[in-house]
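**Student:** Right, I'll just put the structure down here and ask away after.
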């Protein structure tokens, strides 16, 4: 006769296997997320515990698997804590992991009597699993971003840990009087089912968190210039939309300035240093822009040697001072094998109801005038209306 606990054991083993395989597939399909492999390893150890019981049900050695099953289950549960820390890119609490696993393996292998019928032995047995869940709960609370889902995950870990402590008191009322009779008892069915449901809940929350992280990473990467790390054109447009109220913009009540910066004589820099050297110069310019800008100013790279500064709540005069500071700081940069660097800047104020594309077009025209005026200067396009066709230009800064 097949023991009644075999079905929940099979379900737990298959569920743990599916979770483990899912995390392995996610890690393989996303090379930047290989740290998810630690979560897969946790489920890999977890599969071994129900497998051990099933081997016993098939006639395997009770002594061998009575020791092996709890050890693998404890390692799998406790490994989830450092796996979550690694996933969230925080320092794992390896000492806590080693303390719980070391003490548990010592008890399971050397100190626990085979069978463990005594209530106190059952409490000690389950306390190690409780400790592992408390470590997972603390890790999630410490390392995971603050969100409703992660608060629920902390709660699931805590409830799972407490349910392990309740099990010893339910063993005898549910017909469990020793490991030899475990698989045929109602206690085994309820124990495996309850543990499986709680761990599935935790696994689903972790899987959702992992998928959200992957989506966010891809979203962010699509909006970041890979060479410089600055926002790209798409991110610039989104920043513009976030900072411009449509109604106030139509009424001309939005103050914003936009500047295009172009590195002077970049072709000669590439010819002199090679493309790798030219890329290094662009990265240095990007770092300079990011470090020297005011907090509310958004830097971005349009492409090639062109950069943009989006300046919310800036009028043309205040924006000009920012551009002059940036131009001066770049001119003072000292780079190997280069006598000097300079940028030309085209600056414009945003007109009433004007799109980002239209403002960039006018700023680009001002940049062209800055190049024609001798480079290493800032040209401000001053408009008389909201969207003039031919702006008047004011040139400021040093020429060279």
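The values are calculated or read from the model by the stated rules, or taken from the named source; none is laboratory data. The structure presented is a predicted model; accordingly, all values stated were derived computationally and were not measured. As a convention, Cβ positions derive from the backbone with ideal geometry for all residues, glycine included, and neighbour counts pool all protein chains shown.
**Student:** Here is a list of conditions, (1) closer than 14 Å to residue 320 by Cβ; (2) at pLDDT below 95, and residue 353 meets all of them except one; can you say which number that is?
**Tutor:** Only one criterion in (1) closer than 14 Å to residue 320 by Cβ; (2) at pLDDT below 95 is unmet by residue 353, namely (1).
**Student:** Right, something else. Go through the stretch 1-14 and give me each residue that's assigned to a helix (DSSP H, G or I) and surrounded by fewer than 20 Cβ atoms within 10 Å (Cβ to Cβ).
**Tutor:** Correct list: 6, 7, 10, 11, 14.
**Student:** Also, I was wondering about something else. Please find, within the stretch 288-309, the residue that is surrounded by the most Cβ atoms within 10 Å (Cβ to Cβ) out of those that are free of Cβ contacts under 8 Å to residues at least 40 places away in the same chain and over 21 Å from residue 361 (Cβ atoms).
**Tutor:** Selected residue: 293.
**Student:** Then there's this: Can you tell me which residues in the stretch 311-341 are crowded, with 19+ Cβ neighbours inside 10 Å and within 14 Å of residue 376 (Cβ to Cβ)?
**Tutor:** Once the filter is applied, which keeps residues that are crowded, with 19+ Cβ neighbours inside 10 Å and within 14 Å of residue 376 (Cβ to Cβ), the stretch 311-341 yields 323, 326, 327, 330, 341.
**Student:** If residue 252 satisfies every condition in (1) part of a helix (DSSP H, G or I); (2) out of contact with any strand residue (DSSP E or B) (no Cβ under 8 Å at 6 or more places or on another chain); (3) modelled with pLDDT under 90 but one, which is the exception?
**Tutor:** The number of the failed condition is (1).
**Student:** Let me ask something additional. Which residue out of 191, 147 is assigned by TED's automatic domain parsing to the domain that holds residue 93, modelled with pLDDT under 95 and crowded, with 16+ Cβ neighbours inside 10 Å?
**Tutor:** 191
**Student:** Next question, about the same structure. Sort out which residues of the stretch 201-227 are more than 19 Å from the chain's Cα centre (by Cα) and modelled with pLDDT under 95, and write them in order of number.
**Tutor:** Once the filter is applied, which keeps residues that are more than 19 Å from the chain's Cα centre (by Cα) and modelled with pLDDT under 95, the stretch 201-227 yields only 227.
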